[in-house]
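The values are calculated or read from the model by the stated rules, or taken from the named source; none is laboratory data. Since this is a predicted model, take the numbers as computed values, not measurements. Cβ sites come from the backbone with ideal geometry, for glycine too, and all protein chains shown count toward neighbours. We work out accessible area using only protein heavy atoms, side chains counted, and drop any ligands, DNA or RNA first. Shrake-Rupley method; radii C 1.70, N 1.55, O 1.52, S 1.80 Å.
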Amino acid sequence: MKAVLDHVGIAVDRLDEALAFYRDALGLEIDLPEEVPTQKVRAHMVGTGGAALELLEATAPDSPIATFIGRRGAGLHHITLRVDDLQAALAHLAARGVRLVDSAPRPGAHGSLVAFIHPSAAHGVLVELKQSPSPAVRLGASSIPWGDLSLTMLHDGPFRLDGGAMFGVVPKPLWEKLTPADDRNRIQLAMRPLLVEASWGRMLIDCGVGEKMPEKARDIYALDRTVHLDHALAERGLDAASLDFVLATHLHFDHFGGATARGPQGLVPRFPKARYLIRDAEWEDATHPHERNRASYLQDDFAPLKPAGVVDFYAGDVTVKPGVRVVRSGGHTGQHQIVYLESGGKTAVFTADLIPTIAHLQDPWVMGYDLFPMETLAFKRRFMREAIDGEYLIFFEHDPLVAAGIIRERDGKRWVEQVL
Ligand SMILES: [Zn+2]
Ligand SMILES: [Zn+2]
């Protein structure tokens, strides 16, 4: 059991006086209050960069906070420790004879689960245990007509990557506010291949991680294969044999691991009727990995495709099919590319690892994974301007909740108007 300090609860008698100290004298930021009617309490969270403070104000004379202040005066009321699995934590404590107020988890604020340990067991301190709601991953297939094309965001299930690596030089107190980390410092992500349907056929842009990952890697990346690409395709009445083309943004395992599958005779192309469209220079890099990118370029994902005769290589920025144009961004990998989907005067862009989630809207929020971060920054700065001014529909391949949206900007602040 690993417990992390989440916040310290302080019972306050006079809120205006407490604010004069915590907000005005200390200069801390106070969040909008949350009312908990069952407890007759109003809670004001105070961010401090790490664990927060929570100012608790009674809303009725018979509130537990009023009783507490009447008995002991204002001051430290409780500490809250965050655990991953509250049920398991309570079982562990009960087995060690720790006296509990709650023997089972109960609902807390913002969808969390909480339980209290009796102060007598914690040397006079009331201890609250809390399990944060795991940010849901939105899985499913949703479509939008796009001129002569139809675009459908599919998915290949959820996974997690190291939060520090996902945000590069951005300090954790900043990114953690947008996307909380688990006790292994990983953040929730999704893999979202894009299905393009047109008169020329069906194309998949990227194809997820697939089923080849060994147990150890499944654990490291928290791969949950309960529902994956096959299920998303089935929602559209399709299967692996329905695809005519599979286009790679780059050959990292979380984008192209699903290109091959293990059959009785060894590794085979996963999509039996598809031509695989791969940028020649990316293929060169992927098949000649070095120490820095070897863990991301898994040869089994793509090497079997060439001898199977299913790859169509192309060079440079080209229109691979009417309405589908690739543009090298570099940065993340030497040949990483984004995909423009242009039809009927409208522009959508599948940005792959250039803007992996809606937490990456600011130009310098560049992944630590990137081989050439300054190249990413330069490209992203140009592209962001173009995307915001042109009101492009942007696909976020790794966002757990927002598959696609339009990036808006006002007074230097950026946000996403969700479309899919
Ligand atoms: Zn990548
Ligand atoms: Zn990726």
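Details
- Full-extension gain in nm, Ala74 to Leu5, via 0.36 nm per residue minus C-alpha separation: 22.7 nm
- Taking a sphere under 10 Å around the Cβ of Val416 and counting the other residues whose Cβ falls inside, with K and R at +1 and D and E at -1, yields a net charge of 0.
- Near Gly257: Cβ cut-off under 9 Å, other residues only, Lys/Arg at +1 and Asp/Glu at -1. The net charge is -4.
- Here Ala315 and Asp244 are evaluated by their C-beta separation; at R0 = 25 Å the FRET efficiency comes out at 0.70.
- Computed over the chain with a Gaussian network model linking Cα atoms closer than 10 Å, the most mobile of Thr351, Thr38, Thr67 is Thr38.
- Length added when fully stretched, Arg99-Gln362, from 0.36 nm per residue minus Cα-Cα: 89.9 nm
- Efficiency of FRET between Asp13 and Glu35 - r from beta-carbon atoms, R0 30 angstrom, step 0.05: 0.95
- The stretch 209-224 - phi-based ³J(HN,Hα) in whole Hz, Karplus 6.51/-1.76/1.60, Gly and Pro as x: 9, x, 10, 8, 4, x, 3, 4, 5, 4, 6, 4, 9, 6, 6, 10
- Proximal lysines relative to Lys2, as straight alpha-carbon distance under 20 Å, when same-chain residues fewer than 8 apart are discounted: Lys130, Lys172
- Rg/Rh for the stretch 322-364, where both radii come from Cα atoms and Rh is the Kirkwood radius: 1.02
- Extended-chain gain in nm, criterion 0.36 nm per residue less alpha-carbon gap, Glu215 and His288: 23.7 nm
- Of all lysines in the structure, the ones whose alpha carbon falls short of 16 Å from that of Lys177, not counting any fewer than 8 places away in one chain, are Lys413.
- Radius of gyration, Dmax [the stretch 95-204; alpha carbons; angstrom]: 21.7, 72
- Cα centroid separation, the stretch 1-77 to the stretch 288-302 (Å): 51 Å
- Between Glu386 and His123, the FRET efficiency estimated from the beta carbon spacing at R0 = 51 angstrom works out to 0.30.
- DSSP-defined antiparallel bridges as percent of all bridges, the chain, nearest 5: 75 percent
- Cα-derived Rg over Rh, computed across the stretch 78-120 with Rh taken as Kirkwood radius: 0.94
- Largest to smallest in accessible area, the residues Thr287, Thr80 fall in the order Thr287, Thr80 (1.4 Å probe, all protein chains included).
- Along principal axes, Cα extents of the stretch 161-228, largest first, whole Å: 48, 28, 18
- Residue-level accessible surface for Lys413, protein heavy atoms, 1.4 Å, Å²: 150 Å²
- Considering only Val246, Val101, Val209, the mean-square fluctuation computed in a Gaussian network model of the chain, springs between alpha carbons under 10 angstrom, is largest for Val101.
- Apportionment of accessible area to carbon and sulfur, the chain, percent (1.4 Å): 54 percent
- Formal net charge of residues neighbouring Gly70 (Cβ-Cβ distance under 11 Å; K, R +1; D, E -1): 0
- Shape annotation for the stretch 247-376: C-alpha extents along the principal axes are 47, 41, 25 Å, from largest to smallest.
- Mean accessible surface per residue for the chain, computed with a 1.4 Å probe while every protein chain stays in place, in Å²: 46 Å²
- Taken along its three principal axes, the alpha carbon spread of the stretch 350-420 comes to 31, 26, 18 Å, from the longest extent down to the shortest.
- Modelled label reach - Phe116, point 7 Å along Cα→Cβ, the stretch 66-83 residues with backbone N closer than 13 Å: 66-69, 77-80
- Radius of gyration and Dmax over the Cα atoms of the chain, both given in Å: 25.2, 80
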